[in-house]
Amino acid sequence: MRKTSIDREIESAKKRVKCSKKENKKTKKWKSLFSFIFMLCTVCCFIGIGLLYGPYNGFRDWLITTAQTTMTHKYFATWFFDNATINDCMNRNTIIQVSGTTDVSAIKFSSDNKLDMNITYENEYEEAVLKKDAKNNDYKIIKINGDKYSGYLAVIYDASRVKTVATSDIGKSGEYLTSMAKKNNALVAINAGGFADENYEGTGGTPLGITISKGKYLTEYSYNGSGGLIGFNKDNVLMLGSFSVSQTKAQDIRDGVTFGPFLIINGKASEIAGNGGWGRAPRTAIGQREDGIVLFLVLDGNRALGQRSNSCR
């Protein structure tokens, strides 16, 4: 049976209605998706504004202190806050450093050597430090994890083997820690002293303050920052203090760098206000036990090991 013109018109109309319905469905889907994205962005904006400028200052302090302690990313703070806000945050989150210098006369390394002895340890941490690896008498690496941090603890059993090395192009350019470690046949290496970076170029070629390597003074600059000299004397005692060059020489420091802050001096701890002013930046600490064993603590170590550095231990 032949289709009349009316039949063809009806079919054409049905097709147009069907297409129109499909287009309406697509339009509704796109409108729904757009509305969802718009609402999500609006909510995120309100949350972001609340975190940045709301009454709760936890996120704001974390952002500012983390940005301000980086080498080249301070703009993460200056984008959102003026200098007055940044300075107020840094003043509230700081380390009030304990005064004084290492009292060498008070240091008597314990003769009670617990290494590899069948004794009862004071706690799990002492056991982890003092139980050597079966095939390694030089050092031990311990993985640590906390609630909001992770890292490594390096145990150096002979303090006399801890040395300072510096970039081969000192005064001009820094060098990667891994490169310096390889050149000096180091078994363990960590970032140590800070470096001057007046133009924010990040070259790392000029160490801060005093730098000593194997008794040789590589730098003798003045230093007004937190902390001061961190080094070992000829008796392998870890020394901390705001020393001048003449005082450093009088202390017979064999290897040392300059940085801070100092966390503990002569058994007295510094006071930490807020988050300490360092945010989430990877950091390294050094300490010495009463038996002379040296401890290196590297938090978020996977990030710290790849940085350009002027010196290492």
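Cα gyration tensor of the stretch 164-252, axes a ≥ b ≥ c as square roots of the eigenvalues: rounded (a/c below 1.5), prolate (a/b > b/c) or oblate?
It is oblate, given that a/c is not under 1.5 and a/b is not larger than b/c.
Scan the stretch 70-106 for chymotrypsin sites (Phe, Trp or Tyr not before Pro) in coil per DSSP, keeping those whose Cβ has at most 14 other Cβ atoms within 10 Å, and list them by number.
Working: sites: Tyr75, Phe76, Trp79, Phe80, Phe81; in loops: Trp79, Phe80, Phe81.
Those satisfying the criteria are Trp79.
Give the Rg (one decimal place) followed by the Dmax (whole number) of the stretch 50-196, computed from C-alpha coordinates and expressed in Å.
Taking only Cα atoms of the stretch 50-196, I get Rg and Dmax of 21.3, 60 Å.
Distance cut-off 18 Å, Cα to Cα: go down the list Lys216/Lys249; Lys163/Lys214; Lys214/Lys234; Lys182/Lys234; Lys132/Lys182; Lys163/Lys234 and report the pairs above it.
Check vs 18 Å cut-off fails for Lys182/Lys234; Lys132/Lys182.
In the stretch 175-245, which trypsin sites (Lys or Arg not before Pro) are in a loop and have at most 14 other Cβ atoms within 10 Å, using DSSP for the loop call? Working shown, then result.
Values: sites: Lys182, Lys183, Lys214, Lys216, Lys234; in loops: Lys214, Lys234.
Loop-located and lightly packed - Lys214, Lys234.
Calculate, for the stretch 138-258, the solvent-accessible area per residue in square angstrom, rolling a 1.4 angstrom probe over the heavy atoms of the protein chains.
Details: 6160 Å² over 121 residues.
So the stretch 138-258 comes to 51 Å² accessible per residue, rounded to a whole number.
In terms of the Cα gyration tensor, with a ≥ b ≥ c the square roots of its eigenvalues, is the stretch 145-200 rounded because a/c is under 1.5, prolate because a/b exceeds b/c, or oblate? Walk me through the numbers on the way to the answer.
Numbers: a/c = 2.37, a/b = 1.26, b/c = 1.87.
The shape class here is oblate.
Quick check: from the Cα gyration tensor, does the stretch 25-90 come out rounded (a/c under 1.5), prolate or oblate?
Values: a/c = 4.42, a/b = 2.73, b/c = 1.62.
Because a/c hits 1.5 or more and a/b exceeds b/c, the stretch 25-90 counts as prolate.
Hey, got a sec? Which trypsin sites (Lys or Arg not before Pro) in the stretch 129-169 land in a DSSP loop and have at most 11 other Cβ atoms within 10 Å? Could the numbers behind the result be given before it?
Working: sites: Lys131, Lys132, Lys135, Lys140, Lys143, Lys148, Arg161, Lys163; in loops: Lys131, Lys132, Lys135, Lys148, Lys163.
Hits after loop and neighbour filter: Lys135, Lys148.
If I stretch the segment between Leu51 and Tyr121 completely, what's the gain in nm (0.36 nm per residue apart, minus their alpha carbon distance), one decimal?
Details: separation 70, 0.36 × 70 = 25.20 nm, distance 4.57 nm.
So the chain would gain 20.6 nm between Leu51 and Tyr121.
Report in % the part of the accessible area of the stretch 44-165 that belongs to carbon and sulfur, leaving out ligands and nucleic acids; probe 1.4 Å. Before the final figure, lay out each step's value.
Numbers: 4360 of 7940 Å².
So the carbon and sulfur contribution to the accessible surface is 55 percent.
What is the Cα centroid distance between the stretch 218-262 and the stretch 135-199, reported in whole angstrom?
17 Å
The values are calculated or read from the model by the stated rules, or taken from the named source; none is laboratory data. Just so it is clear, the structure is predicted and the values come from calculations on it, not from any experiment. Cβ atoms come from the backbone with ideal geometry, glycine included; neighbour counts cover every protein chain shown. Surface areas here come from the heavy atoms of the whole protein model, side chains and all, with no ligands, DNA or RNA. Shrake-Rupley method; radii C 1.70, N 1.55, O 1.52, S 1.80 Å.
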